[in-house]
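Worksheet for the structure shown next.
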Amino acid sequence: MRKLVDKLNEYSYRYYVLDDPIVSDKEYDELYDQLVVLEKKTNTVLPDSPTIRVGGEVLKGFTTHEHLAPLWSLDKCKTPEELISWDIRVKRLLQNSLLPIEYVMEFKFDGLTLNLTYEGGQLVQAATRGNGIVGEGILEQVKTIKSIPLTIPYKEKIEVQGEGLMGLSVLQEYNKIAPEPLKNARNAAAGALRNLDPKVTATRKLDAFCYNVGYYEGIEFNTHMEIIDFLKNNRFPVSKYVKKFDNINEVIDEINKIKEELKNFDFLTDGLVIKINSIETRRQLGYTQKFPRWAMAFKFEAEEVTTQLKDVIWQV
Ligand code: NAD
């Protein structure tokens, strides 16, 4: 366990802090899963285990931003059976409630998490996730993303969460003339946003998708779909694919259909995210130390290609 923790922490440092990973996500995930199995078997978790913390530290030179609401990691699974087990777990936690649970499904964008603070309708701060509590202030860098609104109609204080991304076609164009080609779209976006010089960020022509309002004043939401409508009404860039389902079996049917469609998407994704639609149910389920109990990332099995940029759709 000690060896695994040390290795994973070293890989995380390269990935989160330097935006320069030395192993594939698939390799990282396999070691991480081995650690989870050992922790369960021994009922022991080392204090610096990556299973109990949201990865990421603040880079030197950046100001810090304390998030108004914490940012989380996501629990993960790879098979429909695991999704069904999660659905059963959720119902058990809700005291075997027989009420049907509505789910929503979205793409899991693979870029850099953004937390955008608006006050009086103005974008006043933008931050990375960092350790989930404190992130790096990257307001000037985020302002170079043209799809992110600098002003919005809503005037109370809110924090909007999303993902900063570099389009795969944009990356291809960029690499045609770049003196040093960028390895992949995830590191290209993360490296650009965590660059102290916003001029460098601007050259990467980044984009973004927003998917949550993490902190809000003066408004209440009953469902995730209401949050998505709020984001759309305030002109945030929202993915066209956000879909609601009446039960987990419908989610599983959809996963098989959407898998092919995702391959034509111009942004890097590393799976899908399934979330419970009701905010009240989310509140009842709460969080572990690392992730919400009301959401699950579904990762597809490896179709890994990292050498040919034009083929990189999944980075597993
Ligand atoms: P995560 O996989 O737990 O997912 C959480 C993140 O998903 C959020 O911060 C958010 O930014 C993003 N996200 C994208 N679309 C979303 C949506 N629709 N709704 C909600 N969130 C959405 O993130 P993590 O903990 O940063 O990453 C863990 C993964 O990172 C690992 O599974 C591994 O694959 C990879 N990793 C790789 C290395 C490496 O060396 N290759 C090292 C560390 C981590």
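Across region 10-22, rounded Karplus estimates of 3J(HN,Hα) from the backbone phi angles (6.51 cos²θ - 1.76 cosθ + 1.60, θ = phi - 60°) give 5, 5, 5, 4, 5, 7, 7, 8, 9, 6, 9, x, 10 Hz, Gly and Pro being marked x.
Highest mobility in the GNM of the chain, judged by mean-square fluctuation with C-alpha springs under 10 Å and restricted to Q172, Q122, Q284, is found for Q284. Ranking H65, Y16, V36 by Cα position along the charge dipole of region 1-80, where only Lys, Arg, Asp and Glu carry charges on their C-beta atoms, puts V36 farthest toward the positive end. Scaled against the 2.2 N^0.38 Å expected of a compact globular protein of N residues, the Cα radius of gyration of the chain reads 0.98. Here the label points at S85 and I258, each 7 Å from Cα along the C-beta direction, are separated by 2.2 nm in the simple model. Springs between Cα atoms under 10 Å define the GNM used for the chain, and in it the highest mean-square fluctuation of E173, E140, E66 occurs at E173.
Pairs of Cα atoms under 8 Å, at least six residues apart: use those to get the relative contact order of the chain, whole percent. Across the chain, relative contact order equals 23 percent. Both numbers refer to the Cα atoms of region 1-52; Rg and Dmax are 10.9, 33 Å.
Just how large is the dipole of region 53-311 about the Cα centre, in debye to the nearest 20, putting +1 at every Lys and Arg Cβ and -1 at every Asp and Glu Cβ? Magnitude of the dipole: close to 380 debye.
Taking 31 Å as the limit for the C-alpha separation, the pairs K205/K299; K40/K60; K3/K263 exceed it in the case of K40/K60; K3/K263. Report, in whole Å, the centroid distance computed from the Cα atoms of region 142-220 and region 31-89. First find each Cα centre; the distance between them is then 24 Å.
Taking the charge dipole of region 53-311 about its Cα centre, with +1 at Lys and Arg Cβ atoms and -1 at Asp and Glu Cβ atoms, the residue from V124, G271, V251 reaching farthest to the positive side is V124. Spin-label pair R235-Q34: with each label point 7 Å from Cα along the Cα-Cβ axis, the two points sit 5.1 nm from one another.
Two numbers describe the Cα atoms of region 1-149: Rg and Dmax, which are 18.4, 52 Å. By other beta-carbon atoms within 10 Å, ranking W294, W72 with the fewest at the front produces W72, W294. For Q172 and I133, a Förster radius of 35 Å and the Cβ-Cβ distance give a FRET efficiency of 0.45, rounded to the nearest 0.05.
The numbers here are math on the coordinates, done by the rules we state, and not lab data. Remember, predicted model here, so these are calculated numbers, not experimental data. Reconstructed Cβ throughout: ideal geometry from the backbone, glycine too, with neighbour counts over all protein chains shown.
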